[in-house]
1. Kindly count the pairs of lysines across the chain whose alpha carbons are less than 15 Å apart, treating pairs on different chains or eight or more residues apart as eligible.
2. Could you tally the net charge around S58, taking each other residue with its Cβ under 9 Å from the Cβ of S58, Lys/Arg +1 and Asp/Glu -1?
3. Go ahead and set up a Gaussian network model of the chain, Cα springs under 10 Å, then flag whichever of P73, P117, P56 fluctuates most.
4. Could you work out the longest stretch of the chain that avoids the trypsin sites (Lys or Arg not before Pro) located in DSSP loops with at most 16 other Cβ atoms within 10 Å?
5. For mean projected area of the Cα convex hull in nm², which listed value, (i) 7.6; (ii) 11.3; (iii) 9.2, comes from the coordinates shown?
6. Please figure out what share of the DSSP beta bridges in the chain is antiparallel and state it in percent, rounded to the nearest 5.
7. Gain in length, Q71 to Q51, computed as 0.36 nm per residue apart minus the alpha-carbon separation, to one decimal in nm?
Amino acid sequence: MLDYEPLALSAGPYLDLQCDGGPRLMGSECLECGHRLFPVAAVCPNCMSDQLKPLPLSREGKVYSFTVLRQAPPGFDSPSIISYVDLREGVRVFTHLDMLPHQAKCDMVVHLKVVDPKIDKFGRKVLQFKFAPIGGAQ
């Protein structure tokens, strides 16, 4: 069993570690207008309804766009790649890519990968996720 949990955002955890088939991101779906979003939310940003249900998200997606950061804050790798990844549910996730900068391409298929936690300023282990190329090339 893990000795850490993902931090809960205002409306709940963003990562389900107990899901069949491995970890997956959790979003929300509005019961009023059908809008889907990540991370989980207490209020729909589209119609302002508070009638949202948890939405398990796909483990695979496509890179929409990315940029390479050549200078990183303390505790983060440099260079690193930040990206928007589009998931099958119509949700766009802001994330890091786990690959070398020259490997990143728009429209490439990537999969969710849980990585070692970081320690935040309060001493909590904060679980991290990235998206990696299918087949694990790195």
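1. Working: K62/K105; K62/K113; K62/K130; K113/K130; K118/K130.
The result is 5.
2. On the way: positive: R24, R59, R88; negative: E60, E89.
Once all neighbours under 9 Å are counted, the net charge is +1.
3. P73
4. Working: sites that count: R70, R88, K105, K121, R124.
Here the longest run is 1-69.
5. (iii)
6. On the way: 36 of 37 bridges.
In the chain, DSSP labels about 95 percent of beta bridges as antiparallel.
7. Numbers: separation 20, 0.36 × 20 = 7.20 nm, distance 4.10 nm.
Result for the pair: 3.1 nm of gain on full extension.
Where a number appears in this text, it was derived from the coordinates with a stated rule and is not lab data. In this text, all values refer to a predicted model and were calculated from it rather than measured experimentally. Cβ atoms come from the backbone with ideal geometry, glycine included; neighbour counts cover every protein chain shown.
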